[in-house]
Amino acid sequence: YTPVSKISKLLISFTNETITQIISTHIVQNPTEFKMGIPRYLLPFSIVGSAVGGVVILRELMGGPRYKATERVPGKTFIVTGANTGIGKYTAMELARLGGKVIMACRNPESEQAKRTRFDIIDTTHNRNVHLKKLDLASLKSIQEFAEEINKEEDKLDVLINNAGVMRCPKLLTEDGFEMQLGVNHLGHFLLTNLLLEKLKTSAPSRVVTLSSVAHERGEINFDDLNSSKTYHPARAYEQSKLANAMFAIELAKRLEGTGVTSNAVHPGIVNTEIGRHMKVNKSYIAWPIIGPIKFLFLKSPEQGAQTSLFCALDSSLENVTGKYFKNCAESHFVESAKNAADSKRLWAISERWTRLVDPTTEKSKTEATDTKKDSDSKKS
């Protein structure tokens, strides 16, 4: 905070004196020449600068650890659902920066937002191997068409990141009549993953990363009213869908044991994204002046929220880790109800029927029926 003229004299003297000598000569020996203060007219700027710096530091601390990728991933293919905004956008951006082929699976790839996000990713990472494809998780038909296209056009699939989601929306139904949060968050990703399993298996070692939430700890699978047909509560429906995500990740890991495909669940943190747009507090102009600054200070940014997804998708230490739950780039613990094997199998069976994965004539899943046919054909040959 010394006057500019005295700083200039010090800079000129750098050619003849070391930093130590300067400190000794100009500060220690002549302290009266240096009044360690700040001009009063600069004081407001100093306060503002300190406040801004404090906010930046606080946000970084609240955001948790950042995942630092140690290797590039050229030649690897990644699918990120809901990659046009929020956590998905920054997940896709980092994967592209590392050299991967990124498929952005979005509900409306023709929208200006989706196109702009793809352009931003390409412009930022200088990786043109970023592709937009249509995937509406609220439509079984759209999911089937997307999976068919991927299985036909892609040679391999290294990582599937089930990122997209909806939160606390008013009661809505998907195209096939499912409650929207259960339909998109759980059933849509359940069907998508199962339809891409053969591609994942042939690409092994490969990974499935499913975004759950700390909300799964408050969730309960209401088998008597799974589709919320009798009663509907936005928060409870969301918590149920996130618990379903956790149970799916665990059950999938068990079913994929020995295949080289891992399945893990992620809590990204409480992140300031569009997912909370249906909550009343976010739509209140009266509450916004209070809630806005609090969200800015204490909620993670979308980029910070993407870090644990990236950790689970990329870190070499997790190549053989499966059926686990992660937050802040470290292993955490599922709530006990998520580990209930009987409930998980029951939810899996219901999900198979509702998404039409089950062959109704044999009560076998279509993948099991296909495997049986392959075995039969091989025996005949």
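The values are calculated or read from the model by the stated rules, or taken from the named source; none is laboratory data. Small disclaimer: the values here were computed from a predicted structure and weren't measured. For neighbour counting, all protein chains shown are included, and Cβ atoms are generated from backbone atoms with ideal geometry for every residue, glycine included. Side chains are part of the model used for accessible areas, which takes the heavy atoms of the whole protein and leaves out ligands, DNA and RNA. Shrake-Rupley method; radii C 1.70, N 1.55, O 1.52, S 1.80 Å.
When 170, 109 are screened for being out of contact with any Asp or Glu (no Cβ under 7 Å at 6 or more places or on another chain) and open to solvent by 30 Å² or more (accessible area, probe 1.4 Å), only 170 passes. Listed by first and then second residue, the pairs with beta-carbon distance under 6 Å, at least 6 apart or on different chains, first residue in region 105-116 and among the hydrophobic types (A, V, I, L, M, F, W, C), second surrounded by 12 or more Cβ atoms within 10 Å (Cβ to Cβ) and assigned to a strand (DSSP E or B), are 105/79; 105/81; 105/133; 114/106; 114/132.
Annotation note: Cβ proximity below 9 Å between a residue of region 329-345 that is in a helix (DSSP H, G or I) and a residue that is exposed (fewer than 15 other Cβ atoms within 10 Å of the Cβ) (sequence gap 6+ or interchain) occurs for 337/220; 341/254; 343/223; 344/254.
Basic (Lys, Arg), modelled with pLDDT of 95 or more and under 14 Å from residue 80 (Cβ atoms): which single residue out of 156, 141, 101 fits that description? On inspection, the qualifying residue turns out to be 101.
Scanning region 304-324 for residues being among the charged types (D, E, K, R) and surrounded by 19 or more Cβ atoms within 10 Å (Cβ to Cβ) gives a total of 1. Which of the residues spanning region 236-254 are more than 20 Å from residue 207 (Cα to Cα) and either modelled with pLDDT under 95 or not hydrophobic (A, V, I, L, M, F, W, C) (or both)? Of everything in region 236-254, those that are more than 20 Å from residue 207 (Cα to Cα) and either modelled with pLDDT under 95 or not hydrophobic (A, V, I, L, M, F, W, C) (or both) turn out to be 236, 238, 239, 240, 241. Contact map, region 139-155: residues that are farther than 20 Å from residue 173 by Cα paired with residues that are open to solvent by 100 Å² or more (accessible area, probe 1.4 Å), Cβ distance under 7 Å, separation 6+ or inter-chain. Pairs shown: 146/134.
The residue that is farthest from the chain's Cα centre (by Cα), counting only those in region 220-259 that are closer than 30 Å to residue 158 by Cβ and among the small types (Gly, Ala, Ser), is 258. For region 207-221, taking the residues that are touching a Lys or Arg at 6+ places or on another chain (Cβ under 8 Å) and not β-branched (Val, Ile, Thr), the one that is surrounded by the most Cβ atoms within 10 Å (Cβ to Cβ) is identified as 212. Residues considered: 339, 327, 380, 345. Of these, the only one that is of a type outside the set (Val, Ile, Thr), open to solvent by 60 Å² or more (accessible area, probe 1.4 Å) and at pLDDT below 95 is 380.
Could you check region 173-206 and list, in sequence order, the residues that are of a type in the set (Asp, Glu) and either in a loop (DSSP other than H, G, I, E, B) or open to solvent by less than 20 Å² (accessible area, probe 1.4 Å) (or both)? Correct list: 175, 176, 179. Which residue pairs have Cβ atoms closer than 6 Å, lie 6 or more positions apart in sequence or on different chains, and pair a first residue in region 223-249 that is more than 15 Å from residue 267 (Cα to Cα) and touching a residue at least 24 places away in the same chain (Cβ under 8 Å) with a second residue that is hydroxyl-bearing (Ser, Thr, Tyr) and surrounded by 14 or more Cβ atoms within 10 Å (Cβ to Cβ)? Listed pairs, sorted by first residue: 237/228.
Out of 156, 141, one residue alone is surrounded by fewer than 22 Cβ atoms within 10 Å (Cβ to Cβ), under 24 Å from residue 251 (Cα atoms) and of a type outside the set (Ser, Thr, Tyr). It is 156. Being assigned to a helix (DSSP H, G or I), hydrophobic (A, V, I, L, M, F, W, C) and modelled with pLDDT under 95, is that true of even one residue in region 299-310? No.
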